[in-house]
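These notes concern the structure reproduced below.
The values are calculated or read from the model by the stated rules, or taken from the named source; none is laboratory data. No experiment lies behind these values; they were computed from the predicted model shown. For neighbour counting, all protein chains shown are included, and Cβ atoms are generated from backbone atoms with ideal geometry for every residue, glycine included. SASA here: full protein model, heavy atoms, side chains in, ligands and nucleic acids out. Shrake-Rupley method; radii C 1.70, N 1.55, O 1.52, S 1.80 Å.
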Amino acid sequence: MPTSMLARLSDDDIRARVPATYPKLPRNSPQNFKQVIARLDEIRRTGVSEAADESIEGVGSQGFALKSGETGEMIGIAVSYSVQATTAANAPMSAVSSRRWPRNCDD
């Protein structure tokens with residue numbers, strides 16, 4: 001599940017999806033549940049998820065999630081790119097990441 005979609009869930013729903021024994025993850029990934037929630041709180045605040053060198057070294061991604069107020073269906077959209085070939089100024093969503101995106105498809 002993309003991080004931006006995960007951020008749309010409650011902390012209790014997220015806790016139910018996280019294993020009791022936290023797996024070993026790459027060093028740039030959240031290393032415990034508290035760090036996961038901190039990351040998700042930032043996504044909840046901005047509406048945009050951003051990651052670099054987390055799952056795969058050299059790969060960054062940015063994304064967001066929308067949820068239909070009518071049906072409850074959720075979609076996530078993410079763009080991945082080479083971290084080495086991308087600066088903060090020309091990252092795929094840098095121009096729009098400060099904009100407030102609608103939380104629902106109906107907004």
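Structure above, values below:
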{"read-out": "For region 14-58: accessible area per residue (Å², 1.4 Å)", "value": "69"}
{"read-out": "Residue-span extension gain [R27 to Q84] - 0.36 nm each, minus C-alpha spacing", "value": "18.7 nm"}
{"read-out": "Label-to-label distance, nm, for residues given as V59 and T71 (7 Å Cα→Cβ offset)", "value": "2.9"}
{"read-out": "Cβ crowding within 10 Å averaged over residues, with 24-34, 38-48, 59-69, 75-85 ranked highest first", "value": "59-69, 38-48, 75-85, 24-34"}
